[in-house]
Amino acid sequence: MPEPLLERRAVVAALLRDPGDLLVVTGLGSTTYDAGAAGDRPLTFYLWGAMGAAAMIGLGLAFARPARRVLVLTGDGEMLMGLGALATIAAAAPRNLSVVVLDNGRYGETGAQQSHTALGTDLAAAAAACGWRATATIAALAELEPLRRRLRAEPLFAVVRIAATEAERFLPPRDGAFLQHRFRAALGLSVG
């Protein structure tokens, strides 16, 4: 894997610029910190302890809210842990779900050990082999805005190559009940 230059916090800020009514599910760790730093909002559902589950929660949300765009932001380590989700989502083919994997080739939450993507695993190729119709891999700043537009318009699995640097942690709310109630209220559902 060539050495990426994109800084993950800037990537997430660019992708979440002007989110409107976009529903966002973040994976464990860094994607949660980055989405919170880009602007904590009720329509972002942070997963604090469900490694490997972000994509499947996004699928459930896409089915529950078919008129809304759903974006899953996760890391390469989490996506590798939930690799079967790629096949399930491709088979279900929701038209309102996109998944973005921030790939630094590291397991950031456990000590920055190399992940399989640093050793040759291509998650975009895996998604395509599972049946995703649209995949992308980007590593350049100029590709972020076109990616942001695609995420709002079509189902897409995208890998964004990012530098393996550690940003200061921004901790959005961590209380699971609070996050669930806030998210449900933002969707107009009862919270009782």
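The values are calculated or read from the model by the stated rules, or taken from the named source; none is laboratory data. Predicted model, so just to flag it, every value in this text is computed and none were measured. Every residue, glycine as well, gets a Cβ built from its backbone with ideal geometry; the counts of neighbours run over all protein chains shown.
Selection of region 16-52 for residues being touching a helix residue (DSSP H, G or I) at 6+ places or on another chain (Cβ under 6 Å) and of a type in the set (S, T, N, Q) yields Thr26, Ser30, Thr44.
When the residues of region 2-17 are filtered to those that are at pLDDT below 90 and surrounded by fewer than 16 Cβ atoms within 10 Å (Cβ to Cβ), the one that is nearest to Leu73 (Cα to Cα) is Leu5. What about Ala164, is it in a loop (DSSP other than H, G, I, E, B), modelled with pLDDT under 90, within 24 Å of Arg9 (Cα to Cα) and in contact with a Gly (Cβ under 7 Å, 6 or more places away or on another chain)? The answer is yes for Ala164. With the condition kept exactly as written, say whether any residue in region 130-148 is in contact with a helix residue (DSSP H, G or I) (Cβ under 8 Å, 6 or more places away or on another chain), at pLDDT below 95, part of a helix (DSSP H, G or I) and surrounded by 22 or more Cβ atoms within 10 Å (Cβ to Cβ). No, region 130-148 contains no residue that is in contact with a helix residue (DSSP H, G or I) (Cβ under 8 Å, 6 or more places away or on another chain), at pLDDT below 95, part of a helix (DSSP H, G or I) and surrounded by 22 or more Cβ atoms within 10 Å (Cβ to Cβ).
Selection of first residues in region 153-178 that are closer than 18 Å to Val25 by Cβ and touching a residue at least 12 places away in the same chain (Cβ under 8 Å) and of second residues that are hydrophobic (A, V, I, L, M, F, W, C) and surrounded by fewer than 13 Cβ atoms within 10 Å (Cβ to Cβ), restricted to Cβ pairs under 8 Å at least 6 apart or on distinct chains, gives the following pairs, ordered by first then second residue: Pro155/Ala93.
Part of a loop (DSSP other than H, G, I, E, B) and under 16 Å from the mean Cα position of the chain (by Cα): is that true of Glu154 in this structure? Talk me through it step by step, then tell me what you get.
Values: part of a loop (DSSP other than H, G, I, E, B): yes; under 16 Å from the mean Cα position of the chain (by Cα): yes.
In short, yes.
Which numbered condition in (1) within 18 Å of Ala177 (Cα to Cα); (2) without any contact (Cβ under 8 Å) to a residue 24 or more places away in the chain; (3) not hydrophobic (A, V, I, L, M, F, W, C) is the only one that Gly27 fails? Tallying (1) within 18 Å of Ala177 (Cα to Cα); (2) without any contact (Cβ under 8 Å) to a residue 24 or more places away in the chain; (3) not hydrophobic (A, V, I, L, M, F, W, C), Gly27 fails exactly one: (2).
So which residues in region 9-27 are assigned to a helix (DSSP H, G or I) and small (Gly, Ala, Ser), if there are any at all?
We begin by selecting, within region 9-27, every residue assigned to a helix (DSSP H, G or I); these are 9-15.
Residues satisfying the conditions are Ala10, Ala13, Ala14.
The single condition among (1) touching a strand residue (DSSP E or B) at 6+ places or on another chain (Cβ under 8 Å); (2) surrounded by 20 or more Cβ atoms within 10 Å (Cβ to Cβ); (3) modelled with pLDDT of 95 or more that Ala38 does not satisfy is (1).
Might you let me know whether region 51-74 holds any residue that is in contact (Cβ under 8 Å) with a residue 60 or more places away in the chain and assigned to a helix (DSSP H, G or I)? Looking through region 51-74, none of the residues is in contact (Cβ under 8 Å) with a residue 60 or more places away in the chain and assigned to a helix (DSSP H, G or I).
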